[in-house]
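Rule-based calculations on the coordinates, nothing more; no lab input. What you are looking at is a predicted structure, and each value in this text was computed from that prediction instead of being measured. Cβ placement follows ideal geometry from the backbone for every residue including glycine, while neighbour counts extend to all protein chains displayed.
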Amino acid sequence: MPQPPSPDLAARVARLEAVEEIKALKHRYLRACDTKDPEEFRACFIASGASLDYGRLGAFDDAEGMVRVFEKIALRKVDGRSAVLDMHHAMHPDITVHDETRASGRWTLKFRQVNLENRTESVSTGEYDDEYVVEDGRWKIAKSHFHRQWGITRPLDPDCRVD
């Protein structure tokens, strides 16, 4: 007769599942940023009281303030086209599961932005310092503080075509 998994093994599997769910959450967040989806962006955070600090974009004690900034930047149009095109790549996840409902994580962000209004391209990098909690049965972001390390902005060549 097969032996049931030991509690230690079950706890280890639960921790690994939590880490994978948190990675998927962060990827949904990044995808929402790049696809300009404010509803999915908002859905990544706890219902109320999230601590968000995105440096030059602002600091907020709830996700609603950041959603408004996101909408203002991401949904802006010029000549019927998106004025700002973003590409977020988070890597090097360092996730610690504290218990069944709390975790923390650090991520490195590689960010690229094309601003068609200003005709510039920016590249930057920084670190996310996040905290996660389970809310309504799903992992959500309770805190996200971004610390920019460096960035460059350069003009787009007049012959540059952006499709």
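Could you tell me which of Asn118, Val84, Ala74 has its Cα farthest along the dipole of the chain towards the positive end, charges placed at Cβ (Lys, Arg +1; Asp, Glu -1), taken about the Cα centre?
Of the listed residues, the answer is Asn118.
Using only the Cα atoms of the chain, what do you get for the radius of gyration and for Dmax, in Å?
Spelled out, the Cα radius of gyration and Dmax of the chain are 18.5, 73 Å.
Starting from the Kirkwood Rh over alpha-carbon pairs, what translational D in µm² s⁻¹ does region 8-74 have by Stokes-Einstein at 37 °C and 0.692 mPa s?
Rounded to a whole number, D works out at 249 µm²/s.
Rounded to the nearest 5, what % of the DSSP beta bridges within the chain are antiparallel ones?
90 percent
Expressed as an acute angle from 0 to 90° and rounded to the nearest 10, what is the orientation of the C-alpha long axis of helix 7-35 relative to the principal long axis of the chain?
10 degrees
What is the spin-label model distance, in nm, from Asn118 to His98 if the labels are put 7 Å beyond Cα along the C-beta direction?
Here the modelled spin labels are 3.7 nm apart.
How large is the helix-only mean residue ellipticity at 222 nm for the chain, computed as the sum of -39500 (n - 2.57) over DSSP H runs with n ≥ 4, divided by its residue count, in deg cm²/dmol to the nearest 500?
That comes out to -9500 deg cm²/dmol.
Sequence neighbours fewer than 8 away in the same chain don't count; with that in mind, list the aspartates and glutamates whose C-alpha is under 14 Å from Lys26.
Asp34, Glu40, Asp94, Glu127, Asp129, Asp130, Glu131
Using Cα pairs under 8 angstrom and six or more residues apart, how large is the relative contact order of region 1-109, in percent?
It rounds to 21 percent for region 1-109.
Averaged over every viewing direction, what's the projected area of the C-alpha convex hull for region 47-115? Give it in nm², one decimal, please.
Result: a mean projected hull area of 6.1 nm².
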